[in-house]
1. Restricting attention to segment 73-93, which residues are over 12 Å from residue 45 (Cβ atoms) and surrounded by fewer than 14 Cβ atoms within 10 Å (Cβ to Cβ)?
2. Could you tell me which of the residues 61, 34 is at pLDDT 95 or above and surrounded by fewer than 14 Cβ atoms within 10 Å (Cβ to Cβ)?
3. Within segment 112-130, does at least one residue satisfy the condition of being surrounded by fewer than 14 Cβ atoms within 10 Å (Cβ to Cβ), farther than 16 Å from residue 8 by Cβ, more than 12 Å from the chain's Cα centre (by Cα) and without any contact (Cβ under 8 Å) to a residue 12 or more places away in the chain?
4. Of the conditions (1) at pLDDT 95 or above; (2) surrounded by fewer than 22 Cβ atoms within 10 Å (Cβ to Cβ); (3) closer than 20 Å to residue 40 by Cα, residue 145 clears all except one; give me its number.
5. Run residue 83 past the list (1) more than 11 Å from the chain's Cα centre (by Cα); (2) touching a residue at least 60 places away in the same chain (Cβ under 8 Å); (3) closer than 20 Å to residue 17 by Cβ and report the number of the one that doesn't hold.
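The values are calculated or read from the model by the stated rules, or taken from the named source; none is laboratory data. Keep in mind that this is a model prediction, so the values were computed, not measured. We place every Cβ from the backbone using ideal geometry, glycine too, and count neighbours over all the protein chains shown.
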């Protein structure tokens, strides 16, 4: 079984930028360490990617904070995480969950059975969205989220997202890779 790591949106704006939190800052080192336990070819990372007119989009109207505008420093993956990722596949996504990620991993699963572990930001928006998309696309694979390598918008919504994922048969535990 091939073990895949998905690193969700470890971008500057979510860590210490326009939507940053101390909880997000606290997971940078653990995420970088986790990445180092996987072969680069088994790692996929997502990058929240918005246009300059983000505030005019539906998401921008509901979350009127400019963030992850393509090409800006805030859009870039945190330097410690980027260094650990090396040559991992990076998928830009315009919304919370990535259909491209789900389709890509479904193709991988056709070649060889996979298990997926997710880490990153934000537990309660993009991590949960991607975990549920993967579960819907591949209901029989093992999907796990390491809560020590995730952070939510708030600690309360982080915990609520973990509970939601657990109810949808996504494993919530520290990985013993």
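1. Result: 73, 79, 83.
2. 61
3. No, that holds for no residue.
4. Against the list (1) at pLDDT 95 or above; (2) surrounded by fewer than 22 Cβ atoms within 10 Å (Cβ to Cβ); (3) closer than 20 Å to residue 40 by Cα, residue 145 comes up short only on (2).
5. It is condition (2) that residue 83 fails.
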